[in-house]
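Colleague: This is the structure I have questions about; it appears just below.
Taken together, the values in this text are just the output of simple stated rules run on the coordinates, not laboratory data. Being a predicted model, the structure only gives us computed values, none of them experimental. We place every Cβ from the backbone using ideal geometry, glycine too, and count neighbours over all the protein chains shown.
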């Protein structure tokens, strides 16, 4: 198995009296697709948010190692540094996409580059290329409300990838979709991540989604209770 791109050690997180993470150790290996499963309240989304630097754990550490070998202590950084890490090195796909409805598909994707300092004219080309690669070549100028749920999720995938992110986090990316559309979105997500040598971490309640990933972690009560490698 490849070297870890993320290493988490002894992560804890409490929300009032509720313990969301209870000393979790986990590694994400470069180039793999890792599914995190568990019932509601098991801690799976909290773990994803801690790995991605969205939240700070109460204790423990997360270290990110880039493709060039640079090692970053995610948990030891300020919020501004972690925000830059999320913009430049990580990509995100959420259940509802979290796209901006007033913008077109191509504008939503290009925005990820513009936030990082690219000029609009320089961002449009890469955004169009990603939409084309995901089967949306004729939908660049449609607003999000004019797209189906599956098409909108492919826009979200393009937005996550356009910056060249090494590591993509997906939180229930197919949770609002029917089974056929879910399979199509997973095709797009896997092709654009592990199919391009990138790494994917996906939180899901769907065993069919988890079965398509290379490895599965199962959580209960804030701890990992099982880990398996898919054939």
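Colleague: If you take Rg/Rh (Cα atoms, Kirkwood Rh) from the coordinates, which of (1) 0.96; (2) 1.02; (3) 1.04 do you get?
Modeller: Answer by label: (1).
Colleague: Of the residues 56, 148, 80, which exhibits the maximal mean-square fluctuation in a Gaussian network model of the chain defined by a 10 Å Cα contact cut-off?
Modeller: Of 56, 148, 80, the Gaussian network model singles out 80 as fluctuating most.
Colleague: Report the residue, chosen from 102, 166, 184, that carries the largest GNM mean-square fluctuation when the chain is represented by alpha-carbon nodes joined by springs under 10 Å.
Modeller: Taking springs between Cα atoms under 10 Å, the residue moving most is 102.
Colleague: Just 89, 71, 159 to compare: in a GNM of the chain, with alpha carbon springs under 10 Å, which one fluctuates most?
Modeller: Maximum fluctuation in the GNM of the chain, among the listed residues, is at 71.
Colleague: Also: Find the centroid of the Cα atoms in the range 2-49 and in the range 147-198, then give the distance between the two in whole Å.
Modeller: 21 Å
Colleague: Specify whether the C-alpha gyration tensor of the range 76-130 places it in the rounded, prolate or oblate class, a ≥ b ≥ c being the square roots of the eigenvalues: rounded for a/c under 1.5, otherwise prolate if a/b is larger than b/c and oblate if not.
Modeller: oblate
Colleague: Of all DSSP beta bridges in the chain, what percent run antiparallel (nearest 5)?
Modeller: 55 percent
Colleague: Still on this structure, please answer the following. For the ranges 169-180, 41-52, what's the packing order if you count other beta-carbon atoms within 10 Å of each residue, average per peptide, and put the highest first?
Modeller: 41-52, 169-180
Colleague: Classify the range 169-231 as rounded, prolate or oblate from the Cα gyration tensor: take a ≥ b ≥ c as the square roots of its eigenvalues, call it rounded if a/c is under 1.5, otherwise prolate when a/b beats b/c and oblate if not.
Modeller: Note, shape of the range 169-231 comes out oblate.
Colleague: With runs of 4+ DSSP H residues as the only contributors, calculate the mean residue ellipticity of the chain at 222 nm using -39,500 (n - 2.57) per run, divided by the residue total and rounded to the nearest 500.
Modeller: About -9500 deg cm²/dmol.
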